[in-house]
Amino acid sequence: MNARRVSAVFVRIVAQFRRDKRTLALLFVAPLAIIALLGWVLTSSSATNVRLAVVNESSQQSVGQAVATRIEAALSGQPTVILDRSITDDASARKALEDKTVDMVVIVPANFDANNRRIEILTLGLNPTAEFSSLSVVQKALVDELAAQAGAVMPTIDRATVYGSPNATELDTLAPVVVGFFVYFFVFILTGISFLRERIGGTLERLLATPVSRAEIVLGYSLGFGFFATLQIAVVLAFVIGRVSVPALGPIPEFGIGLGVQMTGNPLIAYLLVLVLGLGAVSLGIFLSTFARTEFQILQFIPIVIVPQGLLGGFFWPIDQLPDLLQPVARILPVTYAIDGLRQVMIAGADLSSSQVLLDLGVLAAIAAVFGVLAAATIRREVA
Amino acid sequence: MTLANPSSSSGPAATPTASTAPPVAPPAVEAKALRKDFGPIHAVDGIDLALPPGRIYGLLGPNGSGKTTLIRLLTGLASATSGEARVLGVAMPSRENLARIGYMTQADGIYPELSVWENLRFFAALYGQTDRAEMIGILKLVELDERLNTPALNLSGGMRRRLSMACALVHKPAVIFLDEPTVGVDPALRVQFWEHFHRLSADGATLLVSSHVMDEADRCDELLFIRDGHVLAQGSPAELRERGGTDNLEAAFLKFSAQTAEGQESAR
């Protein structure tokens, strides 16, 4: 291992990217834009009003009507409900749903009677998530109504959490994920393409005709891309954690730059986790570039390498809730450990004395080392 | 030393270096029964070489004759299926030995985003060359010393070729492999390249220059005609002309080719 040769590779990579303004912009601006968008969507999605109609189809007209009226009364007490009283039968209710003039229809069905106390809730069915949240409004109204009839006072529920704040938004838990994921994605793509260009551009052949060793190349690459990953992590973390308020100016309302997500732990440990993750991505990029012949084929690795890590790494669902067969898969993905470590640090405030964080760091370092060896091993694979 | 064509009328006694003074110094480039197969294809089909130092050797042959593969075997970039390659007495591949070897590849092998100076400095660092004056000197020689900060991307094809050569020579190698160095180079520059090659060999360097252009052959001290992974004939341009019974090297090459083909035919 010769320090001068390693540093020559490092300096070269930094010089190459310094010239490539567009890629630099991609490194720094793209993650910020996406995170800002995500933050905006997750924090400002205000609870929208639910437009409702109650329809009585019961064959026992008066019984049904009594129930319908009570439901209407209960619903009208809910702040987010807008009742549409012009709809009175099943057919016009379905039409109204299709025309999107109402979001939900409560139907007292034809067979409703004292023994069959079932009501129906009808929605369009195109957007299950949004419709499910509307459903809870009706359920709450019915519970309130029941409690009022029984003269009982329902207790209010105060939530508390061991870590973080019960008011933590989705954003607070997603932010660590996003930080890790972006660094992994960008570092992988950039290294993969850079190294592929070495292979197809003839410079790798040229490099291998010099005394530089494969390990020196991998190390130089890791330092070079580690350097850019360092800057990227710093910028992204600052944006996620910090928040600067910009006062209103003319027609522009006051807005904030940065997400202001809670960072309970030491940002340096969060940074370390992402950096080790990124170093693994460098080696993975070099390794997989062996199996690509064009830049386009590097992009084909995105659905194979990046997307599964997004799906399984804890981005959307906790690992424990994955199907049994997928759990072991999730547990070999580096992003899984980065996300876990970042959540421990950012939300639970864990530090390096936490065995969980040490485990995450250790696994990430081991994965980086394994791919480092694989990358070095494939460098001399003959181009022929 | 081999004459790949034993059925040739000139016979083994005419083996070129046997007729010249016997080499005193150990060979700079050596190959023993060197062979490289790509599946069923014998890209290099058992080549023996022993090239004394300080001369310019021309590796001549059509495209696909095995020139590049031979160079890659000699530099240790490809691993031989069988046989042995030595440069300056050291068995290849040897990473340490690469510090004494220069290799100008067919592709330019330079980084388009980097400037002339950054490219040269990068390769200099890998070869352990730290002498700035030497680096500037080599750039002067290829007439790129006034374009230090130009990105390689903005250089003309000939300039890129020159930069590529500078990067291969920056560490003052004792053995230099040049794979079609003059492709895409204009005639005036080509003359300069060859003048420079002669200066290097006068300084003691051994050069192995591949080409498929026969008119460059005359500038070499010694030629190796290569075809189908074999050395058809080896000798100075004058010798090969004489043995070929023609004053045209191209015709000589074709004649040696035909003789080998006949030899193979009668062997069957």
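The values are calculated or read from the model by the stated rules, or taken from the named source; none is laboratory data. This is a predicted model, so every value here is computed, not measured. Note that each Cβ is placed from the backbone with ideal geometry, even for glycine, and that neighbours are counted across all protein chains shown.
Name the residue, out of B:Leu60, B:Leu126, B:Leu77, that is touching a helix residue (DSSP H, G or I) at 6+ places or on another chain (Cβ under 8 Å), surrounded by 21 or more Cβ atoms within 10 Å (Cβ to Cβ) and either more than 14 Å from every other protein chain (Cβ to nearest Cβ) or among the acidic types (Asp, Glu) (or both). Show your work before the answer.
On the way: B:Leu126 fails: either more than 14 Å from every other protein chain (Cβ to nearest Cβ) or among the acidic types (Asp, Glu) (or both); B:Leu77 fails: either more than 14 Å from every other protein chain (Cβ to nearest Cβ) or among the acidic types (Asp, Glu) (or both).
None of the others qualify; the one that does is B:Leu60.
Go through A:Thr161, A:Thr123 for me and flag whichever is surrounded by fewer than 18 Cβ atoms within 10 Å (Cβ to Cβ) and touching a strand residue (DSSP E or B) at 6+ places or on another chain (Cβ under 6 Å).
On the way: A:Thr161 fails: touching a strand residue (DSSP E or B) at 6+ places or on another chain (Cβ under 6 Å).
That would be A:Thr123, the only listed residue that is surrounded by fewer than 18 Cβ atoms within 10 Å (Cβ to Cβ) and touching a strand residue (DSSP E or B) at 6+ places or on another chain (Cβ under 6 Å).
Considering the range A:27-43 alone, what residues qualify as being under 25 Å from A:Gly226 (Cβ atoms) and of a type outside the set (Val, Ile, Thr)? Steps first, please.
Looking only at the range A:27-43, we keep the residues that are under 25 Å from A:Gly226 (Cβ atoms), and these are A:27-35.
Within the range A:27-43, A:Leu27, A:Phe28, A:Ala30, A:Pro31, A:Leu32, A:Ala33 meet the criteria.
Within the range B:84-137, which residues are in a loop (DSSP other than H, G, I, E, B) and among the hydroxyl-bearing types (Ser, Thr, Tyr)? Show your work before the answer.
Of the residues in the range B:84-137, the ones in a loop (DSSP other than H, G, I, E, B) are B:88-89, B:93-95, B:105-114, B:128-131.
Passing the criteria: B:Ser94, B:Thr105, B:Tyr111, B:Thr130.
If you take the residues in the range A:208-244 that are within 14 Å of another protein chain (Cβ to nearest Cβ) and farther than 13 Å from A:Ala8 by Cα, which one is surrounded by the fewest Cβ atoms within 10 Å (Cβ to Cβ)?
A:Ala215
Report the residue count in the range B:63-74 for those that are away from chain A (no Cβ under 14 Å) and either in contact with a Pro (Cβ under 6 Å, 6 or more places away or on another chain) or of a type in the set (Gly, Ala, Ser) (or both).
Selection size over the range B:63-74: 1.
When residues of the range A:11-59 are filtered for being in a loop (DSSP other than H, G, I, E, B), modelled with pLDDT of 80 or more, surrounded by fewer than 16 Cβ atoms within 10 Å (Cβ to Cβ) and more than 14 Å from chain B (Cβ to nearest Cβ), how many remain? Steps first, answer last, please.
Step one: filter the range A:11-59 for residues in a loop (DSSP other than H, G, I, E, B), giving A:20, A:45-49, A:57-59.
Now restrict to residues that are modelled with pLDDT of 80 or more: A:20, A:57-59.
Now narrow it down to the ones that are surrounded by fewer than 16 Cβ atoms within 10 Å (Cβ to Cβ): A:20, A:59.
Narrowing further to those that are more than 14 Å from chain B (Cβ to nearest Cβ): A:59.
Number satisfying all stated conditions: 1.
Can you name the residue in the range B:218-254 that is assigned to a loop (DSSP other than H, G, I, E, B) and touching a residue at least 60 places away in the same chain (Cβ under 8 Å) and is also surrounded by the fewest Cβ atoms within 10 Å (Cβ to Cβ) among such residues? Walk me through how you get there before you give the answer.
Restricting attention to the range B:218-254, the residues satisfying the condition of being assigned to a loop (DSSP other than H, G, I, E, B) are B:220-221, B:228-229, B:236, B:245-248.
In the following step, the residues that additionally are touching a residue at least 60 places away in the same chain (Cβ under 8 Å) were identified as B:220-221, B:228-229, B:236.
Numbers: B:Cys220: 24, B:Asp221: 16, B:Asp228: 20, B:Gly229: 24, B:Ser236: 18.
Looking at the filtered set, the residue picked out is B:Asp221.
Can you confirm whether the range A:320-331 contains a residue that is touching a helix residue (DSSP H, G or I) at 6+ places or on another chain (Cβ under 8 Å), of a type outside the set (Val, Ile, Thr) and within 18 Å of A:Val187 (Cβ to Cβ)?
Restricting attention to the range A:320-331, the residues satisfying the condition of being touching a helix residue (DSSP H, G or I) at 6+ places or on another chain (Cβ under 8 Å) are A:320, A:322, A:326-327, A:329-331.
Then keep just the ones that are of a type outside the set (Val, Ile, Thr); that gives A:320, A:322, A:326-327, A:330-331.
Checking the rest, the ones that are also within 18 Å of A:Val187 (Cβ to Cβ) come to none.
For the range A:320-331, residues touching a helix residue (DSSP H, G or I) at 6+ places or on another chain (Cβ under 8 Å), of a type outside the set (Val, Ile, Thr) and within 18 Å of A:Val187 (Cβ to Cβ): absent.
Looking only at the range B:152-184, filter to residues that are assigned to a loop (DSSP other than H, G, I, E, B) and under 18 Å from B:Cys220 (Cα atoms); which one of those is modelled with the highest pLDDT? Write out each step before concluding.
Within the range B:152-184, the subset assigned to a loop (DSSP other than H, G, I, E, B) is B:155-156, B:170-174, B:180-184.
The next check asks that each one be under 18 Å from B:Cys220 (Cα atoms); those that pass are B:174, B:180-183.
Values: B:Ala174: 93, B:Glu180: 89, B:Pro181: 89, B:Thr182: 85, B:Val183: 83.
That would be B:Ala174.
Going by what's in this entry, would A:Pro328 be described as surrounded by fewer than 22 Cβ atoms within 10 Å (Cβ to Cβ), under 22 Å from the mean Cα position of the chain (by Cα) and free of Cβ contacts under 8 Å to residues at least 40 places away in the same chain? Break it down into steps so the answer makes sense when it comes.
Working: surrounded by fewer than 22 Cβ atoms within 10 Å (Cβ to Cβ): yes; under 22 Å from the mean Cα position of the chain (by Cα): yes; free of Cβ contacts under 8 Å to residues at least 40 places away in the same chain: yes.
Yes, satisfied.
Could you tell me how many of the residues in the range A:84-120 are hydrophobic (A, V, I, L, M, F, W, C) and within 14 Å of A:Asn56 (Cβ to Cβ)? Reasoning before the result, please.
The first filter runs over the range A:84-120 and keeps only residues hydrophobic (A, V, I, L, M, F, W, C), leaving A:87, A:91, A:93, A:96-97, A:102, A:104-108, A:110, A:112, A:114, A:119.
From what is left, the residues that are within 14 Å of A:Asn56 (Cβ to Cβ) are A:87, A:91, A:93, A:105-108, A:110, A:112, A:119.
Residues meeting the conditions: 10.
If you take the residues in the range B:105-121 that are buried (at least 24 other Cβ atoms within 10 Å of the Cβ) and of a type in the set (A, V, I, L, M, F, W, C), which one is nearest to the other protein chains (Cβ to nearest Cβ)?
Looking at residues that are buried (at least 24 other Cβ atoms within 10 Å of the Cβ) and of a type in the set (A, V, I, L, M, F, W, C), I get B:Ile110.
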